[in-house]
Amino acid sequence: MAGLTALGYISGSGRLHRWDPRFKIVALIMVSLASLGTSLPVLSGACLLMLMVVIRAGVPPGALMRDLKPVVLLLLFIFLARALVTPGEQLFVLGPWPVTREGVIAGAAICSRLLLVLLAGVAVMASTRLSEIKAAVEWFLKPIPGVPEKRVGTMLSLIVRFLPHILDQARETGEAQRARGIENRKNPFYRVIRFSIPVLRRTFLTADQLALAMEARCYADDRTDAELVSDRSDWILMGTTVLLCLCLLMF
């Protein structure tokens, strides 16, 4: 009940969008660490509650399900792998491999932890501007000697901005190859090579064009970042997150 109240307070009335990005990053780390010592029933409930936070952050459920399809396939593979290789009480046989009760529980727990961390990351990204995330990362790295925090922040922002473009290029390449009958090829290595080479080529060309455009505009690391200001409400939200993490560890 305390966890439900905590998450409801965090996501209500646009508080998540107004939260200082430095606190969001710390909260994301805390939730990730707390999930390591939590039982499966609590993890399942936490995933449902975090899904509510993501939806309250402004992510449409349909778009979320569409974007999470590759992740769901990966989680299914992890679940099956753990269920088949973990020794224990046999439930049934899947082909030549026995499925054990301990394997099912272990696989479900691992997938729930990964899903919880993923949803928490989606909530942070959906409620925070990229410039604020960049400024927060630079703020954390600034006290570390020998680390060029401005350059690291620039690299991070470019990676985040570039990922959707790479996914769009992969989707367009896949559709073009399916239109040309690539699925009629029985050799999977042939299909992978024919898919990866055009995607990599287009990615590198786009990266070169971006680098030239930045050089032509005299881009430099020393730029004015978003102003980071925390107030009393940020500390209240952090305390609420600590309460939530304690609830995850206690049950």
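When the residues of the range 46-66 are filtered to those that are within 16 Å of Leu114 (Cβ to Cβ) and surrounded by fewer than 17 Cβ atoms within 10 Å (Cβ to Cβ), the one that is nearest to the chain's Cα centre (by Cα) is Leu64. For the range 147-204, a residue qualifies if it is surrounded by 13 or more Cβ atoms within 10 Å (Cβ to Cβ), among the polar types (S, T, N, Q) and more than 23 Å from the chain's Cα centre (by Cα), and the qualifying residues are Thr173, Gln177.
Only residues that are part of a strand (DSSP E or B), among the hydrophobic types (A, V, I, L, M, F, W, C) and either at pLDDT 90 or above or surrounded by 17 or more Cβ atoms within 10 Å (Cβ to Cβ) (or both): list them for the range 86-117, please.
Initial filter on the range 86-117 (part of a strand (DSSP E or B)): 90-94, 97-100.
Narrowing the set further to residues that are among the hydrophobic types (A, V, I, L, M, F, W, C) leaves 91-94, 97, 99.
Scanning the range 86-117 gives a single hit, Val99.
When restricted to residues that are touching a helix residue (DSSP H, G or I) at 6+ places or on another chain (Cβ under 7 Å), without any contact (Cβ under 8 Å) to a residue 24 or more places away in the chain, outside any loop (DSSP other than H, G, I, E, B) and not small (Gly, Ala, Ser), the range 119-177 contains 5.
None of Leu64, Leu73 is in the same structural domain as Leu237 (by TED's automatic domain parsing), part of a helix (DSSP H, G or I) and free of Cβ contacts under 8 Å to residues at least 24 places away in the same chain except Leu73. Taking the range 118-146 as the range and being within 16 Å of Asp67 (Cβ to Cβ) and either loosely packed, with under 14 Cβ neighbours inside 10 Å or of a type in the set (Val, Ile, Thr) (or both) as the test, the residues that pass are Val122, Val124.
Return yes when Glu138 is of a type in the set (D, E, K, R), at negative phi and in the same structural domain as Val54 (by TED's automatic domain parsing) and no when it is not.
For Glu138, the condition - of a type in the set (D, E, K, R), at negative phi and in the same structural domain as Val54 (by TED's automatic domain parsing) - is not met.
Of the residues examined, Leu237 is one that is in contact (Cβ under 8 Å) with a residue 12 or more places away in the chain, in the same structural domain as Ala109 (by TED's automatic domain parsing) and surrounded by 13 or more Cβ atoms within 10 Å (Cβ to Cβ).
The values are calculated or read from the model by the stated rules, or taken from the named source; none is laboratory data. It should be emphasised that the depicted structure is a prediction, and the values quoted were computed from it without experimental measurement. A quick note on method: Cβ atoms are made from the backbone with ideal geometry, for glycine too, and the neighbour counts reach across all protein chains shown.
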